[in-house]
Structure formats: C-alpha cells, structure tokens
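The values are calculated or read from the model by the stated rules, or taken from the named source; none is laboratory data. Note that the coordinates shown come from a computational prediction; the quantities given were computed from them, not determined experimentally. For neighbour counting, all protein chains shown are included, and Cβ atoms are generated from backbone atoms with ideal geometry for every residue, glycine included.
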Amino acid sequence: MTIVTCAGATATRAAACTGGCSVDPALRAHHDRLLTVEHDADEMIELMELAVTWGELEYDDQPLVGPDQWVEFAATHIWVDAERAERIFSLASDIAARSTARVRVAA
C-alpha cells in the first residue's frame with residue numbers, strides 16, 4: 001500500500017492561548033481539544049455534534065466549555081487561520097443556540 005500526501009503539506013501548528021484566555025482550569029481537557037478543531041476534522045465533528053445536541057441533552061455535569069464561550073474562545077487564541085477558526089466557532093455557537101431555542105419551543 002502506498003500512502004500519498006499532498007506535496008504542499010506542512011506540519012500543523014497548534015493553536016495557542018493569549019493572555020485573554022479565561023477558560024476555567026477545570027475545563028482544560030476540553031479547552032485543549034477545542035484548540036485542535038482548526039486542523040482535526042474529528043474534533044470539529046465532535047464540536048458540531050455537541051452544538052447540535054446542546055439543547056437536547058444534559059451536559060451540566062460534564063467539564064465542557066459551553067457554547068456561550070465559543071466565540072470568545074476563538075477570539076482569545078492564536079490560530080493558523082484566525083478567520084477560519086472564527087467561522088468554525090461562530091457556526092457551532094449558532095447551531096447550539098438554535099438547538100436550545102428548538103427545545104424551548106417544543107416544551
């Protein structure tokens with residue numbers, strides 16, 4: 001089997017915190033996973049699944065950075081492509097808000 005890579009592929013730089021990062025240390029594991037959504041498709045899918053189900057499932061007992069913090073999270077970190085990171089977190093935040101609104105209307 002031959003594995004083919006893109007000729008222009010380079011090592012992926014990791015996102016990093018700025019001085020403005022205020023995520024609770026208890027949420028560090030989820031924080032660190034969120035830092036990978038820019039280049040890890042599986043983590044981006046996990047974020048979108050979390051957003052879609054945010055209003056339907058109980059996440060109160062899980063150490064997660066919530067949707068109300070995602071846009072700020074994107075703004076307080078250094079990304080390879082800041083515009084792409086902003087789009088990812090804004091979209092996820094919008095999806096979570098719609099999920100929550102849909103559950104309220106159904107109740």
- Task: Could you please let me know if VAL80 is in contact (Cβ under 8 Å) with a residue 40 or more places away in the chain and either over 11 Å from the mean Cα position of the chain (by Cα) or within 24 Å of GLY20 (Cβ to Cβ) (or both)?
- Result: yes
- Message: Restricting to the range 17-43, name every residue that is surrounded by fewer than 16 Cβ atoms within 10 Å (Cβ to Cβ), of a type in the set (Ser, Thr, Tyr) and within 14 Å of ILE78 (Cβ to Cβ).
- Response: THR18
- Note on the structure: Given the conditions (1) more than 12 Å from the chain's Cα centre (by Cα); (2) surrounded by 14 or more Cβ atoms within 10 Å (Cβ to Cβ); (3) part of a helix (DSSP H, G or I), every one holds for ALA101 apart from (2)
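Tell me, please, whether a residue that is in contact with a His (Cβ under 7 Å, 6 or more places away or on another chain), in a loop (DSSP other than H, G, I, E, B) and closer than 27 Å to GLY19 by Cβ can be found in the range 33-40.
Pass one, the range 33-40, residues in contact with a His (Cβ under 7 Å, 6 or more places away or on another chain): 35.
When the remaining residues are screened for being in a loop (DSSP other than H, G, I, E, B), the result is 35.
Next, only the ones that are closer than 27 Å to GLY19 by Cβ stay: 35.
Yes, the range 33-40 has at least one match.
Please indicate, with yes or no, whether at least one residue in the range 89-96 is of a type in the set (Asp, Glu), surrounded by 15 or more Cβ atoms within 10 Å (Cβ to Cβ) and either over 17 Å from HIS31 (Cβ atoms) or at pLDDT 95 or above (or both). Full working, then the answer.
Just the residues of the range 89-96 that are of a type in the set (Asp, Glu), to begin with: 94.
Those left that are additionally surrounded by 15 or more Cβ atoms within 10 Å (Cβ to Cβ): none.
No, every residue in the range 89-96 fails to be of a type in the set (Asp, Glu), surrounded by 15 or more Cβ atoms within 10 Å (Cβ to Cβ) and either over 17 Å from HIS31 (Cβ atoms) or at pLDDT 95 or above (or both).
Is it fair to say THR53 is surrounded by fewer than 16 Cβ atoms within 10 Å (Cβ to Cβ) and under 15 Å from ALA92 (Cα atoms)?
Values: surrounded by fewer than 16 Cβ atoms within 10 Å (Cβ to Cβ): yes; under 15 Å from ALA92 (Cα atoms): yes.
In short, yes.
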